[in-house]
1. Identify the residue in segment A:74-111 that is in contact (Cβ under 8 Å) with a residue 60 or more places away in the chain and assigned to a loop (DSSP other than H, G, I, E, B) and, among all such residues, is nearest to residue A:309 (Cα to Cα).
2. Kindly provide the set of residues from segment B:171-200 that are surrounded by 18 or more Cβ atoms within 10 Å (Cβ to Cβ) and either over 19 Å from residue B:132 (Cβ atoms) or in contact (Cβ under 8 Å) with a residue 60 or more places away in the chain (or both), ordered by number.
3. Consider residue A:505 against the criteria (1) assigned to a helix (DSSP H, G or I); (2) exposed (fewer than 12 other Cβ atoms within 10 Å of the Cβ); (3) at pLDDT 95 or above: it satisfies all of them except one. Which criterion is unmet?
4. Is there a residue being in contact with a strand residue (DSSP E or B) (Cβ under 8 Å, 6 or more places away or on another chain) and touching a residue at least 60 places away in the same chain (Cβ under 8 Å) anywhere in segment A:343-365?
5. Being outside any helix (DSSP H, G or I) and facing chain A (nearest Cβ under 8 Å) is the filter; apply it to segment B:301-335 and report the residue that is surrounded by the most Cβ atoms within 10 Å (Cβ to Cβ).
6. Which one of these is more than 7 Å from every other protein chain (Cβ to nearest Cβ) and closer than 19 Å to residue B:337 by Cα: B:279, B:268?
7. Looking for something closer than 26 Å to residue A:84 by Cβ, modelled with pLDDT under 85 and over 14 Å from the mean Cα position of the chain (by Cα) - is there at least one such residue anywhere in segment A:162-171?
């Protein structure tokens, strides 16, 4: 007997079964609809997403171009840096691991806690990403790590290219340095369509910055297959899942920058610099290309581009002598007597003096109204004309001409010689200096212009300020017959194989409207400074050098002279006079112009001229040396040809002045002391 | 009534097509697990084959006697399951924050899986004996079968195992509705259900359960957190496109972007490697099974058989719907396995036991 309900209820059940089936099949149809949507309608989209899941783009970083000197010697290139990294997910106890590593890796507390903070902050898949612990670990550290690697799960050493400044602190301000690109810059670079990524290094100052777009190569890409944890699978998977033409896109190395600077001359200049702070710059007066250039104190770009701690960086930034400041272009000085050629030129051109013979008597000063302007020689010079006043650097003569022609002609001829505006050198943040005129005093001085200002300006004091590069370019213009050039540092750009990409021609920025006779008068008076008895540089002249030099000493006051003159040595450092010397040679066919500024150095003849003479002597010795090598048929440098390729035939100076930076610093940790960051070899 | 019958007649009435559909699904499941376990250390599919063998034995065992004997066992079995569910709250083995496992010597099992069958049997017995009111069940009479359902659901929810609790609720709810509910009562139950959902959301659900629901509503919001499973599953399924990436070639599966690929997300493996065509075949097979199960119900000789059959159909249907719904992003991610395809002893044995009951009802449809 069936327990099923009677007929009527049976029909009821049929309806229920029908409902059950309709609902069930209907629901399953919804699922099929959903599957149709994601697999057919949106299938390609999800296929792309699944691809981006397992394809990881690895960057192949491009080699940055080298910086070569005028003869093709490598100045800056790359070397391997051994960086220690920690991967949080593989490190069982990152804190104690890092504390143990800190000692070996010379990690200070600040750096240690910074790394720890990053490790703690890593979440999820980020924990698979290695975190940099210490850049550029030395040989001892590496050996120790290798011995103890078993105790350090999750700690790896990665090799990355590190910029290598072969000459250490030499030429550092010109070369600049590199460090990691910041978030704001990254944004800007991306907007400009440049291919930078987080963690990339970028040129920070100097040529590294200005020539960034040439030096930086184009990174390549390698696409590999990774699993859900971001780990690489196998090469077999790579080739199975990624089309061969998408797997590797090779990198393109950056171009090489070839300087006009000869590192041999640069070293001579670096070694010749006599004091703590100042600048030397030498140019070729025929085309404005720079031959040597330095600023003191200096820094080691290897440190700034690599493993420098926050503390060291702070100390560098807070140093009162401002080692980062590029004094040659970013600091101006009262040019002192170096400026007298400008006043003399203005006097001749305005007819204030009818000729070089017209002059005045120097009783040790010049009286204007109730004030007396002192000549540096209290006893006076007797009768002075243009030639003798230049030779003796007599101030009175210049007070006299300035009083007769006023300040504006001086300012006008200063501007004609390139003062008062940036020279346009290939470096950032060049300052214009100051050339005051009547207008300027009306705007800047509470009492407006006064006659006495012209007297101060005439001897390069008062408010006149010039940068060392302006001084040397002005003297170069006097030397070459009146042409002002834009100073340039880079002769040409070559690709990695040494093929010429771009050559930079000389660039004129102005021409003096002065007769050759007038220029001769000035050049001759500058020659007298060095070669005539009584000349302020006469006693320091390089007697053994068979080259005639024209130049001018400068001893510019930093503070007003009191009633009693105080000896240089008895003054506080910052109250001492700046010693300067600007010169060119040979007088009849100038091939080098050089300016030396020795901050608080004392007197121009004694404390600046010898360095300039060293550079000039070095220049001609090198010239002779190269000449004889050529004559002997030596192939170096090949005449009329480009300097040979860099990377294929890297040429290294036989005895680089700086020893291998990294290992040197590893052996003696005390090199971390801040004052050791500057080059010491020329001190004292 | 319970006369002894010749075995030959029983075998001739055996529902071979139904068993066939189930075996086809199980075989596809094994093949699929073999692909999903290629990268795993353990050979998951071999274990699964053993579980299927055990499940099959349980099914044969459950066919070997007249299911009507189960009328006597239904309530005691329900009580036993309730005891086990209470026990698991105290001595259960915790796994991923939930106490679901009971360990008896070498045997580890989830009482919540047994609860699915126990609820079906107990409610079938209740409706078998209860005389159906003409207009349908009203509140006054529905509370007793409802209690049979609510108690185990509440206990499972407490473990907490939201997915299984919902499945048991859906199975029992299907039976309640099948037994016909009076209209106003239906409305009232609807209101109660909404209220219960709100209460659960506010007071009962754990934060990770809520996170899953929120992630379901907006999966992209937290791609590496709660939404990760769902996102990766949809990518796996979608990237299978029409024909799939091929067996063992699914990148989401093989490179382990797809989570829980042996258990809850096993359908995503299938859909990635066999595409829309493969997915539709699986769903059609489930639909065929449901048709056959309803056919068995319609031929059953008394209400006990009808309710058992409908209960088994509901058990399979709801798990299929919730599982595929969740892996395709239609439903929130709750831990529900896919019958016959997902890896796991409890799931396999429970499903096969349910099939055994269905086959039993089917082969004895002409007996009285």
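The values are calculated or read from the model by the stated rules, or taken from the named source; none is laboratory data. On a predicted model such as this, the values are computed, not experimentally measured, just so you know. When we count neighbours, we look across all protein chains shown, and the Cβ atoms used for this are built from the backbone with ideal geometry, even at glycine.
1. At the first step, the residues of segment A:74-111 found to be in contact (Cβ under 8 Å) with a residue 60 or more places away in the chain are A:74-92, A:94, A:106, A:108, A:110-111.
So of that shortlist, the ones also assigned to a loop (DSSP other than H, G, I, E, B) come out as A:87, A:91-92, A:106, A:108.
Numbers: A:87: 22, A:91: 24, A:92: 27, A:106: 10, A:108: 8 Å.
Here the residue is A:108.
2. Within segment B:171-200, B:171, B:174, B:175, B:178, B:179 meet the criteria.
3. Evaluating residue A:505 over (1) assigned to a helix (DSSP H, G or I); (2) exposed (fewer than 12 other Cβ atoms within 10 Å of the Cβ); (3) at pLDDT 95 or above leaves (1) as the failure.
4. Just the residues of segment A:343-365 that are in contact with a strand residue (DSSP E or B) (Cβ under 8 Å, 6 or more places away or on another chain), to begin with: A:359-362, A:364-365.
Remaining after also requiring touching a residue at least 60 places away in the same chain (Cβ under 8 Å): none.
Looking for residues that are in contact with a strand residue (DSSP E or B) (Cβ under 8 Å, 6 or more places away or on another chain) and touching a residue at least 60 places away in the same chain (Cβ under 8 Å), one finds none in segment A:343-365, hence no.
5. Initially, segment B:301-335 is screened for residues outside any helix (DSSP H, G or I), giving B:301-302, B:328-335.
Next cut, facing chain A (nearest Cβ under 8 Å) only: B:301-302, B:328-330.
Working: B:301: 18, B:302: 18, B:328: 23, B:329: 19, B:330: 16.
The extreme case among them is B:328.
6. Numbers: B:279 fails: more than 7 Å from every other protein chain (Cβ to nearest Cβ).
From the options B:279, B:268, the qualifying one is B:268.
7. No, segment A:162-171 contains no residue that is closer than 26 Å to residue A:84 by Cβ, modelled with pLDDT under 85 and over 14 Å from the mean Cα position of the chain (by Cα).
A quick yes/no check of all residues on (1) surrounded by fewer than 18 Cβ atoms within 10 Å (Cβ to Cβ); (2) outside any strand (DSSP E or B); (3) not assigned by TED's automatic domain parsing to the domain that holds residue A:253:
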residue: A:510; (1), (2), (3): yes, no, yes
residue: A:514; (1), (2), (3): no, yes, yes
residue: A:523; (1), (2), (3): no, yes, yes
residue: A:530; (1), (2), (3): no, yes, yes
residue: A:543; (1), (2), (3): yes, yes, yes
